[in-house]
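The structure appears below as structure tokens.
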Amino acid sequence: MQISELFGVEGKVAVVTGGSRGIGYMITEGLVRNGVRVYITARKADACNDAAAELSRYGECVSVPADLTDEASLMAFVQHIEERESRLDILVNNAGAAWGAPLGSFPSSGFDKVFDVNVKAPFMLTQAFLELLKSSAKPEDPARVIMIGSADGIRVPFGDNYSYSASKSGIHMLSRHLAHHLVRDHINVNVIAPGPFESKMMSYMLDDPGRRAGVVASTPRGRIGEPEDIVGATIFLASRASSWLTGVTIPVDGGITTHG
């Protein structure tokens, strides 16, 4: 019943995709600062390497650039981890893409890219890491897969990001499906569905003072998400405090999805 026993993650090994910026960077920093060895990946090698160098000030953070939508690159990334680790305690599928276009002119490529990054890649990576996850899994402390969904996968968004909202709703259901089939292997699969946080994906809204004010006004808690908000949810899902929790989606959105 001690906090350190319930929420402690020190000594665990994690992979965070899209860990070089935005929510992925926040999650990685929170894990590294709490004693987790974290491998981050991103398509842009320089950004990935720079982020790992910055985060290594707080603990162990290793850069392994990869394009997870490319099968050969994904498998090379998995092999790299397998050669260095005998287990994987936490897999955070965070990397994401978005696309916006008016209804009537939304391109096919806008669906293909978003679904490849947001749905297919997390599934294929989770599947590829199953043996390392099973090596970590214990009845009293399961291995963890944490998917990063979105509030836009729960409510109808205001914008024209049709493939994004569909993909995030898809990852919510995919996670429930995986959770059902992996529960006997002591692998928990859960989802965090963030609302607005500082990120490149949200920059088109948050960098403009007028639009930012609109986002804040539409958020019941009256503010943008802070790093502590996403890190707290991640550490809960990665720790023994959530060991009896699988197949759920937790909105970390300041109450946005209460609008329906």
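Checked against the criterion of being without any contact (Cβ under 8 Å) to a residue 40 or more places away in the chain, acidic (Asp, Glu) and under 25 Å from residue 203 (Cβ atoms), the candidates 54, 60 yield just one match: 54. Just one of the listed residues (199, 175) is at pLDDT below 95, crowded, with 17+ Cβ neighbours inside 10 Å, small (Gly, Ala, Ser) and under 15 Å from the mean Cα position of the chain (by Cα), and it is 199. Looking at region 175-260, the helices (runs of 4 or more DSSP H) lying wholly inside it that each contain 2 or more residues that are within 21 Å of residue 27 (Cβ to Cβ) sit at 203-206, 227-238.
Filter region 133-163 for residues that are in a loop (DSSP other than H, G, I, E, B) and not hydrophobic (A, V, I, L, M, F, W, C) and give the result. 138, 139, 140, 141, 142, 149, 150, 155, 157, 159, 160, 161, listed by residue number. Taking the stated definitions as given, is residue 166 over 15 Å from the mean Cα position of the chain (by Cα), within 20 Å of residue 239 (Cβ to Cβ), small (Gly, Ala, Ser) and assigned to a helix (DSSP H, G or I)? No; evaluated as a whole, the condition is false for this residue. Of all the listed residues (106, 111), the sole one being part of a helix (DSSP H, G or I), touching a helix residue (DSSP H, G or I) at 6+ places or on another chain (Cβ under 7 Å) and not aliphatic (A, V, I, L, M) is 111. Charged (D, E, K, R) and at pLDDT below 95: does that describe residue 144? No. Residue 76: within 18 Å of residue 48 (Cβ to Cβ), among the small types (Gly, Ala, Ser), crowded, with 16+ Cβ neighbours inside 10 Å and free of Cβ contacts under 8 Å to residues at least 60 places away in the same chain, yes or no? The answer is no for residue 76.
Candidates in region 1-15 are the residues that are in a loop (DSSP other than H, G, I, E, B) and touching a residue at least 24 places away in the same chain (Cβ under 8 Å); of these, the one that is nearest to residue 121 (Cα to Cα) is 12.
The values are calculated or read from the model by the stated rules, or taken from the named source; none is laboratory data. Since the model is a prediction, treat every value here as computed from it, not as a measurement. Glycine gets a Cβ as well: all are built from the backbone with ideal geometry, and neighbour counts include every protein chain shown.
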